[in-house]
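**Student:** Got a structure for you, written out below as structure tokens; questions coming shortly.
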């Protein structure tokens, strides 16, 4: 584990052995999807990359990584944990789903670098209102011990799931843990397009199928916002929506 690094991605070598891991508790220039920054207080969150060399079903890897994280985090906290499509893990506290981890996968020379960040021990004033840490959700222990356990357990679960990429069995497991399914959502798509509807299932490639007024549409890339009931009614009538 690095004492400090701008990004664990800069160390990830596709020529390394599968399941090689690079990690730190002090990442100074992390990033997420669409080159968004991942900001963290030194010593309070985990940033890591795991090298995976799948033979099939690569489009399922971000969701499989999310499921692996759900299974790694669940024993540590006292609240429900689930996957938010396509690349977040959330913890539900007092009826609100808050982000505890994010995932970013990159292809490199036939391998996939699975990057992820996990909020470990931050207090509420160090996080956005939509985020949460393991500590806030009831996890005990120091940051280093939590990080080591999360790394070990996540990697073990992902090893098991990697052999199921692209199979109906994996889709069934992810759908069972996906907080997005069954909710009214707004999908913000490339090209400034937007659709609204109910998330009903995952397709054969891991895309999110949304039932809209115009029929079902599969979303394969974009940001998905979970709408509150009042926001959905407002959206249907052309008013403002609050997420």
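**Student:** Can you tell me which of 221, 156, 139 is part of a loop (DSSP other than H, G, I, E, B) and assigned by TED's automatic domain parsing to the domain that holds residue 95?
**Tutor:** Of 221, 156, 139, the one residue that is part of a loop (DSSP other than H, G, I, E, B) and assigned by TED's automatic domain parsing to the domain that holds residue 95 is 139.
The rows are residues; the columns are (1) crowded, with 18+ Cβ neighbours inside 10 Å; (2) farther than 30 Å from residue 51 by Cβ; (3) in contact (Cβ under 8 Å) with a residue 24 or more places away in the chain.
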| residue | (1), (2), (3) |
| --- | --- |
| 153 | yes, no, yes |
| 169 | no, no, no |
| 184 | yes, yes, yes |
| 192 | no, yes, no |
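**Student:** If residue 190 passes every condition in (1) assigned by TED's automatic domain parsing to the domain that holds residue 24; (2) on the phi < 0 side of the Ramachandran plot; (3) at pLDDT below 95 but one, which one does it miss?
**Tutor:** (1)
**Student:** Being surrounded by fewer than 18 Cβ atoms within 10 Å (Cβ to Cβ), under 13 Å from residue 86 (Cα atoms) and outside the structural domain of residue 90 (by TED's automatic domain parsing): is that true of residue 209 here?
**Tutor:** Answer is yes for this residue.
**Student:** Among (1) in contact with a strand residue (DSSP E or B) (Cβ under 8 Å, 6 or more places away or on another chain); (2) not assigned by TED's automatic domain parsing to the domain that holds residue 74, there is one condition residue 171 misses while meeting the rest; what is its number?
**Tutor:** Answer for residue 171: the failing condition is (2).
Conditions (1) under 18 Å from the mean Cα position of the chain (by Cα); (2) more than 21 Å from residue 29 (Cα to Cα), marked per residue:
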| position | (1), (2) |
| --- | --- |
| 115 | yes, no |
| 128 | yes, no |
| 139 | no, yes |
| 145 | no, yes |
| 154 | yes, yes |
| 164 | no, yes |
| 167 | no, yes |
| 174 | yes, yes |
| 178 | yes, yes |
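**Student:** Checking the condition over 26 Å from residue 53 (Cβ atoms), touching a helix residue (DSSP H, G or I) at 6+ places or on another chain (Cβ under 6 Å) and either buried (at least 19 other Cβ atoms within 10 Å of the Cβ) or touching a residue at least 60 places away in the same chain (Cβ under 8 Å) (or both), which residue from 114, 132, 121 passes?
**Tutor:** 121
The values are calculated or read from the model by the stated rules, or taken from the named source; none is laboratory data. As the structure is a computational prediction, the values presented were derived from the model and not from experiment. Cβ atoms come from the backbone with ideal geometry, glycine included; neighbour counts cover every protein chain shown.
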